[in-house]
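The values are calculated or read from the model by the stated rules, or taken from the named source; none is laboratory data. Every value quoted in this text rests on a predicted model; they were computed, and no experiment measured them. Virtual Cβ from ideal backbone geometry, glycine too; neighbours counted across all protein chains shown. Quick note on the areas: whole protein, heavy atoms, side chains included, nothing else; ligands and nucleic acids left out. Shrake-Rupley method; radii C 1.70, N 1.55, O 1.52, S 1.80 Å.
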Amino acid sequence: VAHRCQKCSGVSDGSCVPKPSSALIINCAGADNDLYINQAIVFIEDAIQYRSINHRVDSKSLWLYRWYYSRTCQWILSLTITVILALAFIEEPSSLTVTSDVRYRLPAWNPPCGLTESIELLCFLVFMVDVSVKSYLIGWKEFWKNKWLMAYILTLIVSFADWIVSLSFFCKENSSMMKKTLKSINSTLPEMASVVLLLAVHLSLFTMFAMLLFARTKDNQQDKEWVMYFRNLPESLTSLLVLLTTANNPDVMIPAYSKNRAYSIFFILFTVLGNLFLMNLLTAIIYNQFRGYLLKSVQSSLFRRRLGIRAAFEVLSSLKETPASAQQCCVSVGALLQVLQKAEMDSRCKQAIMRSLKMCSCDQLSAAQFQKLFEELDKDAIKQHPPSPEYQSHFMQKMQFAFGHPYFGYLGNVVALANIISICVVLVMDADKQLSERDDFFLGAINCFFILYYLLEMLLKILAMGLRRYLSYPSNRFDGLLTVILLDSLWRPELMGLLSLWDMVRLVNMLIVFRFLRIIPNMKFMALVVTTLLDLVKNLRAFAGILLVVFYAFAITGIMLFKGAVVPLGNTSAANTTHDNGTLQCGTYEQLEYWPNNFDDFAAAVVTLWDVMVVNNWQVFLDAFSRYASPWAKIYFVAWWLISSVIWVNLFVALLLENFIHKWDRRCQRESLSDIEYQRTVELMFRDVLEEPTEEELMEKLHQHPHLQLCSLCHRIRPINETMG
C-alpha cells in the first residue's frame, strides 16, 4: 500500500507501513494531531529527566507512562521502598531498646506474628504493580534486554517465596531479611581489581618478610613481637593490614623497637610505601577512574536529552498544520507552545523558552532552532530574589539604606562572636564548679541581652528588605527561626517544669552557638566550601545511596553471622568463645567496654559498621569477633573495610575534589551578584568537555526505536522533488 505525502505530491515507496498492535507509525499523513502533541510532551519530559525514550507511544501507553512518572506515583514508590527497608529496625531482632549494650539491654519488643508480614505483602503488591507497568511500557523485546528488570522480577519471586516460608513457620524464620539485601543491591562499584591486587602484593611481601624477620627464637622473653603480632600467617597479615590504616601504630612496633631500634626501619618503610604512597595513589586512581566513569555517564545523559528533544521535533513535524511547501522538516511555533503549556518542567525554563518563541519572527522552526531553544535546560538554575519595598518617606529610605547595607550584617556577626566569647568565658570559669556553686543568672542575663538584639536585628532587616525578600535568603530564614526559638525559650516559664534552669541555659547556649553559623555566607572561601558540600547532598543523593545500600547489605549479613555472639563476661557459657585470661588486657574489646558495638539488632549493626569504617581501633573488632564467633570473621570485616573505607570514601573524595575544583574555576570567571544565586547540577559540571551528538547519531537511534517508526520522506524531499521535477 502506497502512502501519499502531504509535503510533496509524490508517492512513498512503502517505507511507512503500519505496524500492528500498540506500535505507532508516524507517517507523513499525520492523521492524529492530539497524539503527536502528547508524544512530543512525553519526549520533552524524558529529555528533561534524562530518561530513555524507548517505550510505547500509543495514546493509552502515554497516559500510563505519565501517570507512572507523576510525583504522586513516584512518591508512593519511594515511600514503599522506605517502609520495606525500615522494617529491619522493628522485626526480629528488634532495635527498639534504649541501649545496645549487651550488659544492660532489656528484652526488646517484637511485633506480633503477621504484622510485618502484612506490611511486606502490601509493599510486595506495590512492587508487582511497579514491575508490571515498567515491563508493559518498554515492551517485551526491550524487557528481555533489560537485565536489571529481570533481576527485579527474580528478587520479587524469591521475596514472595520467603514470605510464604516465614508464615509457614509462624514467623520464626529470619530469612525474610535476606530479601532486603537483594533489594538493596541495585548498584555496582567501580572495578578496582588492579588496585586491590597492588595492595595485596604489598601486604603479602611485607608479611612474609615480617614472619622471617620476627621468627620465633629460643629466648621466649625476646619473642614478644612474634607472640603478639606475628605468630602465624593470618595474625601477621592482620597486623600489617591494620598498620596500613595506622590504627595500631606505634603499638605493633614497640616490642621489636624496644629490643633494637633498627627494627623501626621495617615499620617505617612499610608505612611510607603503603600509607603515604599506595593509599594516596589509590585515591588518585579511583578519582581518575570515577571521573571517566561519571563523564561517560553524563555524556550518555546528554545524548538521551538530545534524543528526546529530537524525537519531539520529529513527531511535531508530522502535524497537519506543517506547510506542504516546506523543503525540510519543521515545527510550527503554535504547536510547540501548546506542548510547553502541558509539559511538566521547571517554570524558569518554560518561561525562558516561551519568551524566546515570542521574540522569534518566524512561524516555523527547523531542527537546529528547535534544539537550540531547549538548550535552556542546560543552563544554570538562577534564583532571583524579590525586590525591596519602595518607601516614599525620606526617613524610611535612610532606614532602609542603613539596615539593608552589608555592614549591618557584619555588625550582627560581631555581636554573635561576642556572644560566643562570653559563653566560652563563663564555661571556662564554671568548668570545675559543682552544679550548686554555679551562678546561672549572670549567663542568663547576658544571653537575654543578646537574644533581644537578635530580635531587633531581625525586625530591622524585615523593615529594610521586606518580608518576601528577607525570607528568600536561607541565612535569614536560619537566623529568624533560631531567634524565634530562643525568644520562646526565654519567655515561656512553663518549660521550666520540663527542664531545670541549668538545662535551659545549656539549651539556649547550644542554639546560640549553632546560630553563629550565620557568618558562613559572609566568608567567601568558607561559603565556597559549604556550597560544595550542599551541592553534593542535593545532586548526588543517588551516589550517596550506594553507601546506604552497602551498609544495609552488610548489616543484614552481620546479623545473620554474629547475632548473639558477644555476651557479657559473666555469661560466657552461652557463647562460642575461645578467649583466655588475656581478655582484659589493655586495648581489648572487653577492657575498652565496647559492648554496645555488636550485631544483635539492625541499629547496633549499622553503628558497629560505621565504627569499623572510620578504622580507629578497628583491630579491636577484628580480634573480638574472631574470638567470640570464628577466626573467619576477619574476612567479613576486611571486606567491609575494602568496600567502605577504601573504595567508597575515596569515591566521595573524588566527587568532592571534582565539585570543588569546578566551583573554584567558575568563581574566578563569574562576578558575584547579590540578587542572583546560581545553582548547578552534576551534569553541568562536565558541560564544557561534553561532545554534542551528531545529526546522524540521533537519527540512527530514532530509527531503532522499538515502538516508533519515523517516515524518512522528510529527509528525502529534495531528491523526490528533483526526480519529479
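When both residues are 6+ apart or on different chains and their Cβ atoms are under 7 Å apart, which pairs have a first residue that lies in segment 623-646 and is under 17 Å from TYR229 (Cβ atoms), and a second that is of a type in the set (Lys, Arg)?
Short answer, once both residue conditions are applied: SER626/LYS634.
Sort out which residues of segment 580-639 are surrounded by fewer than 14 Cβ atoms within 10 Å (Cβ to Cβ), over 15 Å from VAL567 (Cα atoms) and polar (S, T, N, Q), and write them in order of number.
Once the filter is applied, which keeps residues that are surrounded by fewer than 14 Cβ atoms within 10 Å (Cβ to Cβ), over 15 Å from VAL567 (Cα atoms) and polar (S, T, N, Q), segment 580-639 yields ASN581, GLN585, ASN616.
Tally up the residues in segment 82-102 that are touching a residue at least 60 places away in the same chain (Cβ under 8 Å) and either in contact with a Cys (Cβ under 7 Å, 6 or more places away or on another chain) or surrounded by 13 or more Cβ atoms within 10 Å (Cβ to Cβ) (or both), please.
The initial filter retains those residues of segment 82-102 that are touching a residue at least 60 places away in the same chain (Cβ under 8 Å), namely 84-85, 87-89, 91-95, 97, 99-102.
Now restrict to residues that are either in contact with a Cys (Cβ under 7 Å, 6 or more places away or on another chain) or surrounded by 13 or more Cβ atoms within 10 Å (Cβ to Cβ) (or both): 84-85, 87-89, 91-95, 97, 100-102.
Result for segment 82-102: 14.
For segment 54-64, state whether one or more residues are under 25 Å from ILE138 (Cβ atoms), open to solvent by 20 Å² or more (accessible area, probe 1.4 Å), of a type in the set (A, V, I, L, M) and modelled with pLDDT of 90 or more.
yes
How many of the residues in segment 238-272 are open to solvent by less than 70 Å² (accessible area, probe 1.4 Å) and assigned to a helix (DSSP H, G or I)? Quick ask: steps written out before the conclusion?
Taking segment 238-272 first, the residues open to solvent by less than 70 Å² (accessible area, probe 1.4 Å) are 238-248, 250, 252-253, 255-256, 262-264, 266-267, 270-272.
Still in the list and also assigned to a helix (DSSP H, G or I): 238-244, 255-256, 262-264, 266-267, 270-272.
Residues in segment 238-272 being open to solvent by less than 70 Å² (accessible area, probe 1.4 Å) and assigned to a helix (DSSP H, G or I): 17 in total.
Do we have any residue at all in segment 156-165 that's assigned to a helix (DSSP H, G or I), open to solvent by less than 60 Å² (accessible area, probe 1.4 Å) and either in contact with a Pro (Cβ under 7 Å, 6 or more places away or on another chain) or modelled with pLDDT of 80 or more (or both)?
Yes, that holds for at least one residue.
Kindly provide the set of residues from segment 356-407 that are open to solvent by 40 Å² or more (accessible area, probe 1.4 Å) and among the small types (Gly, Ala, Ser), ordered by number.
SER356, SER361, ALA368, SER388, SER393, ALA402, GLY404
Given ARG216, ARG231, which one is among the basic types (Lys, Arg), in contact with a Phe, Trp or Tyr (Cβ under 8 Å, 6 or more places away or on another chain) and either modelled with pLDDT under 85 or open to solvent by 40 Å² or more (accessible area, probe 1.4 Å) (or both)? Steps first, please.
Numbers: ARG231 fails: in contact with a Phe, Trp or Tyr (Cβ under 8 Å, 6 or more places away or on another chain).
Among ARG216, ARG231, only ARG216 is among the basic types (Lys, Arg), in contact with a Phe, Trp or Tyr (Cβ under 8 Å, 6 or more places away or on another chain) and either modelled with pLDDT under 85 or open to solvent by 40 Å² or more (accessible area, probe 1.4 Å) (or both).
Does SER422 count as open to solvent by less than 30 Å² (accessible area, probe 1.4 Å) and within 30 Å of TYR50 (Cα to Cα)?
Values: open to solvent by less than 30 Å² (accessible area, probe 1.4 Å): yes; within 30 Å of TYR50 (Cα to Cα): no.
The answer is no for SER422.
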